[in-house]
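The block underneath contains the structure these notes are about, expressed in structure tokens.
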Amino acid sequence: MALRILGRKNLIPTFSGGLGSGHLRGLQTFSLPDLAYDYGALEPVINAEIMQLHHQKHHQAYITNYNKALEQLHEAINKGHTSTVVKLQSAIKFNGGVYLFSSLIYLQEGGGEPPKGSLGWAIDSQFGSLEALIQRVNAEGAALQGSGWVWLALDKELKKLSVETTANQDPLVTKGSSLVPLLGIDVWEHAYYLQYKNVRPDYLKNIWKVINWKYAGEIFAKEAPLVESR
């Protein structure tokens, strides 16, 4: 799907705790969330057909596959089939990652306003300007081979912003445990192909018109409270 703004530090499911209703050792089954606005709300940047297809078809399919993998995992654990448990973890990570990324897409409506406060100050200080950051993210996203994501993250250990890419649906934490996602742009072809064909750079250029910097700024302020505001 187009842009997903994220505010979760760790997007890898964990195996801890007990089995309860809807849970499997800390893993919870998912259901398709409602879209908080009309499918055409992001036009002309992202058309209604892409939004509807991804929400009703792609997103639902990943949820179905995730829940199915959880059921198989439960059965494998009960039967002591260790090799099956190991094999299922990749399916859980992949489909679960898609769910977490896609579910937060709803935060993009009403976006497009430039970042303010401490996040805006940090972008100007580190990259020189918002435009320079956009050019960097777009270049990284356009250069990513195959499917994946391009991210703006906060590195809490280094106390600086970072532009990262991940393949497929790999969560950002796979690039570093100190990275907190502030925003993520989906560069899978199904995020843009119906509208932009194979011209990914045009999609990346336009997606900034609907990015919800307000939410990204809230996450940054929470995770980096000591950064000076302008």
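The values are calculated or read from the model by the stated rules, or taken from the named source; none is laboratory data. Remember, it's a predicted structure, so these values are computed and weren't measured experimentally. Ideal geometry is used to build each Cβ from the backbone, glycine not excepted, and the neighbour counts take in all protein chains shown. Note: accessible area is taken over every heavy atom of the protein model, side chains too, but ligands, DNA and RNA are not part of it. Shrake-Rupley method; radii C 1.70, N 1.55, O 1.52, S 1.80 Å.
Structure notes:
- Breaking point among (1) within 28 Å of residue 118 (Cβ to Cβ); (2) open to solvent by 10 Å² or more (accessible area, probe 1.4 Å), for residue 200: (1)
- Residue 139 vs. criteria among the aliphatic types (A, V, I, L, M) and free of Cβ contacts under 8 Å to residues at least 24 places away in the same chain: yes
- Per the conditions (1) open to solvent by less than 10 Å² (accessible area, probe 1.4 Å); (2) assigned to a helix (DSSP H, G or I), the sole criterion not satisfied by residue 219 is (1).
- The residues of region 31-67 that are over 16 Å from residue 169 (Cβ atoms), touching a residue at least 40 places away in the same chain (Cβ under 8 Å), open to solvent by less than 50 Å² (accessible area, probe 1.4 Å) and assigned to a helix (DSSP H, G or I), listed by number, are 50, 51, 55.
- Candidate set from region 183-197 (those that are outside any helix (DSSP H, G or I) and among the aliphatic types (A, V, I, L, M)); member that is surrounded by the most Cβ atoms within 10 Å (Cβ to Cβ): 183
- Checked against (1) at pLDDT below 90; (2) within 22 Å of residue 126 (Cα to Cα), residue 222 passes all but condition (1).
- Going through (1) modelled with pLDDT of 90 or more; (2) closer than 17 Å to residue 142 by Cβ; (3) not small (Gly, Ala, Ser) one by one, residue 188 falls short only on (1).
- Subset tally (residues that are touching a Gly at 6+ places or on another chain (Cβ under 7 Å), more than 18 Å from residue 134 (Cα to Cα) and in a strand (DSSP E or B)) for region 156-181: 1
- Odd one out for residue 220 among (1) more than 17 Å from residue 162 (Cα to Cα); (2) in contact (Cβ under 8 Å) with a residue 60 or more places away in the chain; (3) in contact with a Ser or Thr (Cβ under 8 Å, 6 or more places away or on another chain): (1)
- Checklist (1) at pLDDT 80 or above; (2) within 16 Å of the chain's Cα centre (by Cα) applied to residue 38, failing item: (2)
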